[in-house]
Amino acid sequence: MNGMDIKLSQCFIAVDDHDKALDFYRDVLGLEVRNDVGYEGMRWVTIGAPSQPDVNIVLEPPLADPNASAADKQAMTELLAKGLLRGVIFATDDCDAAFERISAAGGEVMQEPTDQFYGVRDCAFRDPAGNMVRFTQSLAK
């Protein structure tokens, strides 16, 4: 774009239990906690990879809108419980090592490490809230 520099700053993952999410994202994956904020009975925890200080992942309530209807909140909670909300993809230099570490810690395996036709080796887990979390390694040499 004409003189405009844009880059990813934040993305959001809905979680129903921040403490369980932290057990996974901080303790198993090794992400650092950058902020932990509560407001009106809700909680937002910002985490990120130490190697990417400008990219934040915010663990947020399933529907972080105090004006949302009870029906909307219930619908979001049900979608989260079914694992139907979008997850996140992490890049790694060793997909197999990531798989071993996460599965040894009790991560719910969705897909074992697999070479994909589009040039990556990847695996997938569900986080404690049911979100898909994928780990991908480039196969390009």
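The values are calculated or read from the model by the stated rules, or taken from the named source; none is laboratory data. Here the structure is a predicted model, which is why all the values come from computation and not from measurement. Every residue, glycine among them, receives a Cβ derived from its backbone with ideal geometry; neighbour counts consider all protein chains shown.
So here's what we get for this one:
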| quantity | calculated |
| --- | --- |
| Which listed residue, of VAL33, VAL45, is touching a Leu at 6+ places or on another chain (Cβ under 6 Å), at pLDDT 85 or above, farther than 19 Å from CYS123 by Cα and not small (Gly, Ala, Ser) | VAL45 |
| Considering residues of segment 88-108 that are among the β-branched types (Val, Ile, Thr) and closer than 23 Å to PRO62 by Cα only, the residue surrounded by the most Cβ atoms within 10 Å (Cβ to Cβ) | VAL88 |
| Within segment 1-26, considering residues that are without any contact (Cβ under 8 Å) to a residue 24 or more places away in the chain and out of contact with any strand residue (DSSP E or B) (no Cβ under 7 Å at 6 or more places or on another chain), the one surrounded by the most Cβ atoms within 10 Å (Cβ to Cβ) | ASP19 |
| Single residue of GLU32, GLU40 found to be in contact (Cβ under 8 Å) with a residue 12 or more places away in the chain, touching a helix residue (DSSP H, G or I) at 6+ places or on another chain (Cβ under 9 Å) and acidic (Asp, Glu) | GLU32 |
| Considering residues of segment 109-126 that are among the acidic types (Asp, Glu) and surrounded by fewer than 16 Cβ atoms within 10 Å (Cβ to Cβ) only, the residue farthest from TYR25 (Cα to Cα) | ASP115 |
| Answer residue from segment 43-59, given it is surrounded by 15 or more Cβ atoms within 10 Å (Cβ to Cβ) and either among the basic types (Lys, Arg) or farther than 24 Å from PHE99 by Cβ (or both) and is nearest to the chain's Cα centre (by Cα) among those | VAL58 |
| Any chance ASP127 is out of contact with any Gly (no Cβ under 6 Å at 6 or more places or on another chain), under 11 Å from ALA14 (Cα atoms) and of a type in the set (D, E, K, R) | yes |
| So THR114, is it part of a strand (DSSP E or B) and either more than 19 Å from the chain's Cα centre (by Cα) or hydrophobic (A, V, I, L, M, F, W, C) (or both) | yes |
| Counted residues, segment 61-87 - those being surrounded by 13 or more Cβ atoms within 10 Å (Cβ to Cβ), out of contact with any His (no Cβ under 9 Å at 6 or more places or on another chain) and not small (Gly, Ala, Ser) | 10 |
| Residue ID - nearest to LEU22 (Cα to Cα), chosen from residues in segment 59-111 that are in contact (Cβ under 8 Å) with a residue 40 or more places away in the chain and assigned to a strand (DSSP E or B) | LEU59 |
